[in-house]
Amino acid sequence: MDRAQFAGFLRARREALQPEDVGLPRGPRRRTGGLRREEVAALSDMSTDYYSRLEQQRGPHPSEQMLAAIARGLRLSLAERDHIFQLAGYATPKRALRAEHVNPGMMRILDRLRDTPAQVVNLVGETLEQTGPAIALLGDERRHTGLARSLHYRWFTDPATRLIHPAEDRAAQSRLIVADLHATYTRDGRGSRAAEIADALLAESPEFAELWNEHPIAGPYCAPKRIQHPELGLLELHCQTLVDPDHSQALLVYTAAPGSESQEKLQLLSVIGSQRL
């Protein structure tokens, strides 16, 4: 690990980022440009002391997981992410790990939606980043590991996953999920993450296997979604989708009709965040 170069790179990228770039207020007391160390640490989900020691060339050797978190916090491009891995003494991340890196453009949009239920997902249903209201609405989908990181996998293997939708909507949701996974599998082929998930589900879920063999095709229209929230009850929402073709990611934004009861519930979610009511 080249500690001097690594520390210098972190410092340069931190000083180049402005509060507005990450959805933070500038405030009247900010004397210098760039972000503070504690702000980058918070964006990277780590302690200020840990991050500060890295910039001061006296910290521990960061793991690949910590490097990925720093890359997300500093809004690094894919090339910049690879660069800090190399400075830390690691090989360039494998394609699967690179696919988990949220595109900086997506992050910039997400930063401006902090009061809105929104999240970035990849095309096998793995959630990469969520706003607070999205966690309050859907739960923290980033906490899962292994195959369970994919909503597509959880839907057919964990019955609790389906409770978020009314019972009468679940059959249509099952078909939509299979269609989405089929499309990604067709694009990426054998040996892909989509193939790994599909193979596991074919072995574990007769319902999935039956739908998979029908080769369902998802249409371009995103139908309204009904979410059954444990405290707020039923919300009738629209899910607007922004797709980034280069990185196979999508930004999902949940909205409600103006003046509706569901909009009032979404506004409440934006206030309470992920706290329980």
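The values are calculated or read from the model by the stated rules, or taken from the named source; none is laboratory data. All values reported here derive from a predicted model rather than from experimental measurement. A quick note on method: Cβ atoms are made from the backbone with ideal geometry, for glycine too, and the neighbour counts reach across all protein chains shown.
For the reader, a short list of remarks on this structure follows.
- Boolean, Leu67 is closer than 18 Å to Gly8 by Cβ and outside any loop (DSSP other than H, G, I, E, B): yes
- Restricting region 187-209 to residues that are exposed (fewer than 11 other Cβ atoms within 10 Å of the Cβ) and not basic (Lys, Arg) leaves a set whose member that is farthest from Arg170 (Cα to Cα) is Gly191.
- Selection status of Gly189, over 15 Å from the mean Cα position of the chain (by Cα) and of a type outside the set (Val, Ile, Thr): yes
- Condition check for Ile197: in contact (Cβ under 8 Å) with a residue 60 or more places away in the chain and either of a type in the set (Phe, Trp, Tyr) or over 28 Å from Gln267 (Cβ atoms) (or both): yes
- Selection of region 6-45 for residues being touching a Gly at 6+ places or on another chain (Cβ under 8 Å), buried (at least 17 other Cβ atoms within 10 Å of the Cβ) and in a loop (DSSP other than H, G, I, E, B) yields Leu17, Ser44.
- Residue count, region 141-160 (criterion: surrounded by fewer than 18 Cβ atoms within 10 Å (Cβ to Cβ) and outside any loop (DSSP other than H, G, I, E, B)): 5
- Among the candidates Ala183, Ala148, Ala91, Ala134, residue that is touching a residue at least 12 places away in the same chain (Cβ under 8 Å) and more than 13 Å from the chain's Cα centre (by Cα): Ala183
- Some residue of region 62-84 being free of Cβ contacts under 8 Å to residues at least 24 places away in the same chain and more than 25 Å from Gln130 (Cα to Cα): no
- Spans of helices (runs of 4 or more DSSP H) in region 180-277 with at least 2 residues modelled with pLDDT of 90 or more and of a type in the set (S, T, N, Q): 261-272
- Odd one out for Gln119, checked against (1) more than 23 Å from Glu15 (Cα to Cα); (2) at pLDDT 90 or above; (3) not assigned by TED's automatic domain parsing to the domain that holds Ala194: (3)
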